[in-house]
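Student: Before I ask anything, let me first share the structure, which is written out below as structure tokens.
What follows is calculated from the coordinates using simple rules that are stated; it is not laboratory data. Note that this is a predicted model, so its numbers are computed, not measured. Every residue, glycine among them, receives a Cβ derived from its backbone with ideal geometry; neighbour counts consider all protein chains shown.
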Amino acid sequence: MVDPVTIMAGLALVKKSVEGCKSAVDTCNDISELSGSLNQLFHHHSEAERHAAASKKRKAPSRLRQFLTQQTGSDEEDDLSVGAVAAEIIEKKKVDKAIWRLSLQVDQKWGPGTWGTIIDERNKRLRERAAADKLAKENALKKRAQDRIFWQKVLLELRNAVIVIIFGAVMVYFVMWAAQKGGTQ
């Protein structure tokens, strides 16, 4: 279970990224100048969605969460309380609305469909990256299997060489012993 405080912190990062993007849209001349801000926004948004930015230390609840837990009379420490869940949902909706406004601003500055094109291209690149990562993982597994087979063969041949050397040493010893026994009689 992911800590709702972590979710709220992630959503706060997304909101800051949206604000940065909005100010970048106003000042930039082409979409390439906006790319850094959009990268940051997409990164923070996916982190918030995946709850990957989990921090171990407990942060103070937001004012919205405090208000909602007070109004519902629920325990402020309970992450499953109505107030905590409501605060999380409302923050997510605020972030989604801010992103929607940003999309309108981008479309207004660079023409209708620009935001959709950006999102489509990003999704395409994410799919390509996932496919490349999957292929790399499969190749690494194949290489590991090939390495294991190689080292098994090396060890098998080493074992055979040791057996041949021991057999040869025993034969040399036997021949020398036989020569000594034959020469003494």
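Student: Could you tell me which of the pairs Lys97/Lys124; Lys92/Lys137; Lys16/Lys109; Lys93/Lys134; Lys94/Lys134 are separated by over 27 angstrom between their Cα atoms in the structure shown?
Tutor: Beyond 27 Å between Cα atoms: Lys92/Lys137; Lys93/Lys134; Lys94/Lys134.
Student: To continue, here is another question. Only counting other Cβ atoms within 10 Å, I'd like Ile99, Ile165, Ile119 sorted with the fewest neighbours first.
Tutor: Lowest to highest Cβ neighbour count: Ile165, Ile119, Ile99.
Student: Right, another one. Per residue of the range 90-99, what does 6.51 cos²θ - 1.76 cosθ + 1.60 with θ = phi - 60° give for ³J(HN,Hα)? Whole Hz please, x for Gly and Pro, Karplus curve as stated.
Tutor: 5, 4, 4, 5, 4, 5, 4, 5, 5, 5
Student: With θ taken as phi - 60° and the coefficients 6.51, -1.76 and 1.60, list the Karplus ³J(HN,Hα) couplings across the range 105-120 in order, rounded to whole Hz; mark glycine and proline as x.
Tutor: Once rounded to whole Hz, the list reads 5, 5, 4, 5, 7, 10, x, x, x, 5, 4, x, 5, 4, 5, 4.
Student: Here is a further query. Across the range 160-166, in residue order, what do the Karplus-derived ³J(HN,Hα) couplings come to in whole Hz, using 6.51 cos²θ - 1.76 cosθ + 1.60 with θ = phi - 60° and x for Gly and Pro?
Tutor: Along the range 160-166, the couplings run 4, 5, 4, 4, 5, 5, 5 Hz.
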